[in-house]
Amino acid sequence: MLDTTAGKISAFIAHRFPKATITDADDIFSLGFINSLFAMELVMFLEKEFGITLPNNELVIDNFRTVTRMAELVGRLRPEPAAV
Amino acid sequence: MTIDQLATATGERVNAVLRRTVLDHVAPERVAPDRTVPTRPAPDRAAAREFVDEYVVPHADRWDTLGKIPQELLTRIGEAGLWAPFLPAEVGGHGVSMAVLGEIHEEVGRGCSSVRSLLTVHTMVSWALRRWGTETQLRRWGAALAAGDLLGAFCLSEPGAGTDTDSLTTTAQRTDEGWLLNGTKKWITNGQRADLFLVFARGPHGTVALLVPRWSPGVTVLPIEGMLGTRASMLAEVAFRDVALDADALLGPTGLASGMVLTGTLDLGRYSVAVGSVGIIQACLDACSDYASRRQVRGSALRELPLIQAKLSDMVTDVRAARLLCAEAGRLKDLGDPATIMATWVAKYFASCAAAKHASEAVQIHGANGCSPEYPVARFYRDAKVMEIIEGSTEIQRITIAAEADRTWGV
């Protein structure tokens, strides 16, 4: 699980909020613990962990609503692996 | 002759006109001079220390009394490459790390908190531009900010809203051409002199950040004087009355992420204030060690007294602890690690409280001399108090750090 993009994102959220239990499909905004500080941490985590840069036009709420959506965002922005 | 040299020679009003003429009526591409190859080595702690000892320390008390930093020093800071050395070489910076930037700001803070505060707000604007700016915005403003040809100021606080950003009343309305800005900002560091304001306002869907040139019609600046500390930081109240801005004034995203521009920018400001506080403690230690070794009490040096030794030992210990906390925050920033945000809160909390405590003790060690303008510790004392208030008050820091404790270790 931790090897997957979604798994790494889940682990980061779980590390920051040990008392929360979320699934990949849960709307983290509806859980009430998202603030601008955590949003900034989340963006920094995604950029560092997956080696991507989040452009301003991708910083929209729907891309961050669930773990699955964030994993999809990372998939779109991550460089294609070099052809063998 | 540079803009600054000409402006110094001809006065402040001409200064503003010159900047407007050069920077507003020239195509953005031409505003960015050819600074892609730095002409001097990247600044570091040693260079900053040398600069501060030569150009800042001998004059800081006088500037504090005058309530102003002279243009000559602002120009020298630019020549030394100290305004925004973290900016990449492509826009005229040196790409120095956040760890080194912290060391530079500590050294400047050791010499004069007012000068450091100018660097702080300029850093905040420059960092926000680099992090959130479009290519067009970087081309238009980046090189001038890197060189210090333009100085930035951070406009968040209002007469009725400081920490409580939900209470901001400044508004940014969408128009066909861009934005219409209305409101008043208060306690704006370097507001008297800055050329480019980063203004936070209530937009259609949350807080927005706008880049507002000082020369925009509808911008007025009212100096604030006689403050308790950082008296030479050229504070101002800046009013925006029907200021029309083009769409390119918007910095960063809107909606969900708009708050991140503020969070990230404040994080940099908090980091600078934290290291600046370390500089104050170091300055207290330098002053007190010198004074205690020369001042005689009943035939022996003040430093021989156990109670004075206790104060000095606590200064030594706290300056090291605060410096390490700041270094850790800087290291995490350089790694892009999100843990830097909380590390910076902790560093600023510790360093600012320690600075206030030790500046008070520094005055105590100096006795009546410490209350006089003949020694710098009275200035340190007044400046240190400000550190406990700006970029997140001590109370807000405690709330935030306690919330982190609850989130991490609570049951």
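The values are calculated or read from the model by the stated rules, or taken from the named source; none is laboratory data. Being a predicted model, the structure only gives us computed values, none of them experimental. In this analysis, Cβ positions are derived from the backbone assuming ideal geometry, glycine residues included, and neighbour counts consider all displayed protein chains.
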Practice problem: Could you tell me which of the residues B:Thr340, B:Thr344 is within 14 Å of another protein chain (Cβ to nearest Cβ), surrounded by 18 or more Cβ atoms within 10 Å (Cβ to Cβ), within 30 Å of B:Gly67 (Cβ to Cβ) and hydroxyl-bearing (Ser, Thr, Tyr)? | Solution: B:Thr344
Exercise. Just need a number here: residues in the stretch B:290-300 that are among the hydrophobic types (A, V, I, L, M, F, W, C) and farther than 12 Å from B:Ile365 by Cβ.
Key: 0
Exercise. Identify the residue in the stretch B:389-411 that is within 14 Å of another protein chain (Cβ to nearest Cβ) and over 16 Å from B:Ile341 (Cα atoms) and, among all such residues, is modelled with the highest pLDDT.
Key: B:Asp406
Quiz item: Out of (1) at pLDDT below 90; (2) surrounded by fewer than 16 Cβ atoms within 10 Å (Cβ to Cβ), what's the single condition that is false for A:Leu59?
Solution: (2)
Quiz item: What do you reckon, is B:Met260 free of Cβ contacts under 8 Å to residues at least 60 places away in the same chain and within 14 Å of chain A (Cβ to nearest Cβ)?
Solution: yes
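Any residue in the stretch A:1-12 that is outside any helix (DSSP H, G or I), out of contact with any helix residue (DSSP H, G or I) (no Cβ under 8 Å at 6 or more places or on another chain) and loosely packed, with under 15 Cβ neighbours inside 10 Å?
So far as the stretch A:1-12 goes, yes, one or more of its residues are outside any helix (DSSP H, G or I), out of contact with any helix residue (DSSP H, G or I) (no Cβ under 8 Å at 6 or more places or on another chain) and loosely packed, with under 15 Cβ neighbours inside 10 Å.
Do we find that B:Ala327 is surrounded by 13 or more Cβ atoms within 10 Å (Cβ to Cβ), under 22 Å from the mean Cα position of the chain (by Cα), in a helix (DSSP H, G or I) and not polar (S, T, N, Q) in this structure?
Answer is yes for this residue.
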Quiz item: Which residues, counting only those in the stretch B:269-320, are of a type in the set (Val, Ile, Thr), modelled with pLDDT of 95 or more and more than 23 Å from B:Val115 (Cβ to Cβ)?
Solution: B:Ile308, B:Val316, B:Thr317
Self-check item: Search result, residues across the stretch B:239-257 that are out of contact with any Leu (no Cβ under 7 Å at 6 or more places or on another chain) and either surrounded by 24 or more Cβ atoms within 10 Å (Cβ to Cβ) or on the phi > 0 side of the Ramachandran plot (or both)
Solution: B:Gly252, B:Gly255
Quiz item: Are there any pairs, at least 6 apart or on different chains, whose C-beta atoms fall under 9 Å, with the first in the stretch B:297-313 and in contact (Cβ under 8 Å) with a residue 12 or more places away in the chain and within 16 Å of B:Leu285 (Cα to Cα) and the second among the β-branched types (Val, Ile, Thr) and part of a helix (DSSP H, G or I), and if so, which?
Solution: B:Leu302/B:Ile308; B:Leu302/B:Ile365; B:Ile308/B:Ile365; B:Lys311/B:Ile365; B:Leu312/B:Ile365
Exercise. For residues that are assigned to a helix (DSSP H, G or I) and within 10 Å of another protein chain (Cβ to nearest Cβ), tally how many sit in the stretch A:13-60.
Key: 19
Practice problem: With respect to B:Asp166, determine if the residue is within 14 Å of another protein chain (Cβ to nearest Cβ), over 15 Å from the mean Cα position of the chain (by Cα), farther than 16 Å from B:Thr265 by Cβ and not in a strand (DSSP E or B). | Solution: yes
Practice problem: Select the helices (runs of 4 or more DSSP H) contained entirely in the stretch B:1-78, then report the ones holding at least 1 residues which are modelled with pLDDT under 50. | Solution: B:3-10, B:12-24, B:28-31
Quiz item: Which of the residues belonging to the stretch B:114-162 are within 21 Å of B:Tyr271 (Cβ to Cβ), within 14 Å of chain A (Cβ to nearest Cβ) and not in a helix (DSSP H, G or I)?
Solution: B:Gly133, B:Leu156
